[in-house]
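Q: Would you mind keeping the following structure in view while I ask a few things?
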Amino acid sequence: MRKAAWMAAASFAAIVSVTGCGSDGGTPEKRPEAGASTAGAGKPAQAPAKGTLVQRATGSWKSIGTPGDDTLDTLTVADGKVTSRGAKLSCTGTLVPGGEKDGKETASLTLTCEGGKDGGRGLGHLTVKPDGSALVLDWDGPKGGWGGPVDSYRRA
């Protein structure tokens, strides 16, 4: 029985290695992660992958976090102007380019919010994934504090 199990495992390994050889160019094909949608595969990115940090941030974004009273669920960037909305907050601000830090372009943002406090955000620092698919705002938080929230977004 052991020999049959070993032969079945060897056959399975051979089939897997043959079927997963890759593309015509000799490089392995990139397979989607479990649960990832393949809808829209092959379509061009919705956002510019090149350009300044503010240009890559331009567009509509949806939070990946759980909505709450002080969350910002959507974010829109147009010409460096930011509009963000949540269940109780409605905020606006302007992205301010900050030159380079550690060889990377930087930009900051301070929001003015209506409908409540700013959620302890204060001054925020923008990061956009190089391909333009994700945006993060890392907030300094209140002065004298240990930092503020981090808002993470995907293209809407």
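Q: Suppose we keep only residues that are open to solvent by 50 Å² or more (accessible area, probe 1.4 Å) and within 16 Å of the chain's Cα centre (by Cα) within the range 118-135. Which one would you say is nearest to T71 (Cα to Cα)?
A: Taking the candidates together, the pick is H125.
Q: Just give me the residues in the range 69-89 being over 19 Å from the mean Cα position of the chain (by Cα) and either under 18 Å from G141 (Cα atoms) or among the aromatic types (F, W, Y) (or both), in sequence order.
A: D69, D70, L89
Q: May I pose another question? Before we move on, is V54 modelled with pLDDT of 90 or more, outside any strand (DSSP E or B) and either surrounded by 15 or more Cβ atoms within 10 Å (Cβ to Cβ) or polar (S, T, N, Q) (or both)? Walk me through it before giving the result.
A: Working: modelled with pLDDT of 90 or more: yes; outside any strand (DSSP E or B): yes; either surrounded by 15 or more Cβ atoms within 10 Å (Cβ to Cβ) or polar (S, T, N, Q) (or both): yes.
Taking the combined requirement at face value, the residue satisfies it.
Q: Please work out if E100 is more than 18 Å from D73 (Cα to Cα), of a type in the set (D, E, K, R) and surrounded by fewer than 14 Cβ atoms within 10 Å (Cβ to Cβ). Even if it seems obvious, please write down each step before you answer.
A: Values: more than 18 Å from D73 (Cα to Cα): yes; of a type in the set (D, E, K, R): yes; surrounded by fewer than 14 Cβ atoms within 10 Å (Cβ to Cβ): yes.
It is true that E100 is more than 18 Å from D73 (Cα to Cα), of a type in the set (D, E, K, R) and surrounded by fewer than 14 Cβ atoms within 10 Å (Cβ to Cβ).
Q: Provide a single number: the residues in the range 90-122 that are in a loop (DSSP other than H, G, I, E, B), closer than 20 Å to G147 by Cα and at pLDDT below 95. Break it down stepwise before answering.
A: Of all residues in the range 90-122, those in a loop (DSSP other than H, G, I, E, B) come to 95, 102-103, 111, 115-122.
Subset that is closer than 20 Å to G147 by Cα: 95, 111, 116-122.
Narrowing further to those that are at pLDDT below 95: 111, 116-122.
Final tally of qualifying residues: 8.
Q: Residue by residue through the range 51-65, note down the ones that are among the polar types (S, T, N, Q) and over 18 Å from T94 (Cβ atoms). Let's see the steps before the verdict.
A: So in the range 51-65, the residues among the polar types (S, T, N, Q) come out as 52, 55, 58, 60, 63.
Scanning the range 51-65 gives a single hit, S63.
Q: Select from the range 60-83 the residues that are without any contact (Cβ under 8 Å) to a residue 60 or more places away in the chain and outside any loop (DSSP other than H, G, I, E, B) and write down the one among them that is surrounded by the most Cβ atoms within 10 Å (Cβ to Cβ).
A: Once the filter is applied, the top-ranked residue is V77.
Q: Another question, if that's okay. Tell me the residue from D151, D138 that is closer than 27 Å to G51 by Cα, open to solvent by less than 40 Å² (accessible area, probe 1.4 Å), outside any loop (DSSP other than H, G, I, E, B) and charged (D, E, K, R), please. Reasoning before the result, please.
A: Numbers: D138 fails: open to solvent by less than 40 Å² (accessible area, probe 1.4 Å).
Going through D151, D138 in turn, the sole match is D151.
Q: Let me ask something additional. For the range 103-117, name all the residues that are of a type in the set (D, E) and exposed (fewer than 15 other Cβ atoms within 10 Å of the Cβ). Before the answer, list the steps.
A: So the first thing to find is which residues in the range 103-117 are of a type in the set (D, E), and the list is 105, 114.
The answer is E114, and nothing else.
The values are calculated or read from the model by the stated rules, or taken from the named source; none is laboratory data. Because the structure is a prediction, the values reported are computed rather than measured. With ideal geometry, Cβ positions are generated from the backbone for all residues, glycine too; neighbour counts draw on all protein chains shown. When the accessible area is computed, the model is the full protein with side chains, heavy atoms only, and any ligands, DNA or RNA have been set aside. Shrake-Rupley method; radii C 1.70, N 1.55, O 1.52, S 1.80 Å.
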